[in-house]
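Here's the structure, in structure tokens; my notes come after.
The values are calculated or read from the model by the stated rules, or taken from the named source; none is laboratory data. Only a predicted model underlies this, so the values are computations on that prediction, with no experimental measurement involved. In this analysis, Cβ positions are derived from the backbone assuming ideal geometry, glycine residues included, and neighbour counts consider all displayed protein chains. Ligands, DNA and RNA are excluded from the accessible area calculation, which covers all protein heavy atoms including side chains. Shrake-Rupley method; radii C 1.70, N 1.55, O 1.52, S 1.80 Å.
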Amino acid sequence: MIESRVGSMTREVKLNELTELLETATYPLSVETARAEFDDVQLVYADGSESLAALLARVNDEQFDSPDEAQSSIYSTIPVEGVGEPGQSEGEG
């Protein structure tokens, strides 16, 4: 889903769609480049949302060598409350 935001476009991406999004990038990918490339992405959690650029700012890595590595690093920065209760589907709400 795309929502309009003061003259710019924001892409809303659920957690279960993150892999597909990350696969659109070229690797190796620096975290700085990822922040710029995905600055319009709002990651939708079970209990709210957060910009992907803000999440990437908290990542300890400087570079991702693959979409799997990027996803793993991003998931490690997501607040526990964001993924919902055990057994709940990611990003659905």
Restricting the first residue to the range 34-61 and requiring it to be more than 16 Å from residue 14 (Cβ to Cβ), which pairs with a second residue that is crowded, with 17+ Cβ neighbours inside 10 Å and hydroxyl-bearing (Ser, Thr, Tyr) meet a Cβ separation below 8 Å and a spacing of at least six or different chains? 59/73; 60/73; 61/73
Selection from the range 35-48 of residues crowded, with 17+ Cβ neighbours inside 10 Å and assigned to a strand (DSSP E or B) yields 41, 42, 43, 44, 45
From the list 32, 81, pick out the single residue that is open to solvent by 90 Å² or more (accessible area, probe 1.4 Å) and either at pLDDT 90 or above or in a loop (DSSP other than H, G, I, E, B) (or both). 32
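Please pick out the residue among 55, 21 that is touching a Ser or Thr at 6+ places or on another chain (Cβ under 6 Å) and either in a helix (DSSP H, G or I) or open to solvent by 60 Å² or more (accessible area, probe 1.4 Å) (or both). Break it down into steps so the answer makes sense when it comes.
On the way: 21 fails: touching a Ser or Thr at 6+ places or on another chain (Cβ under 6 Å).
Criteria check complete, one pass: 55.
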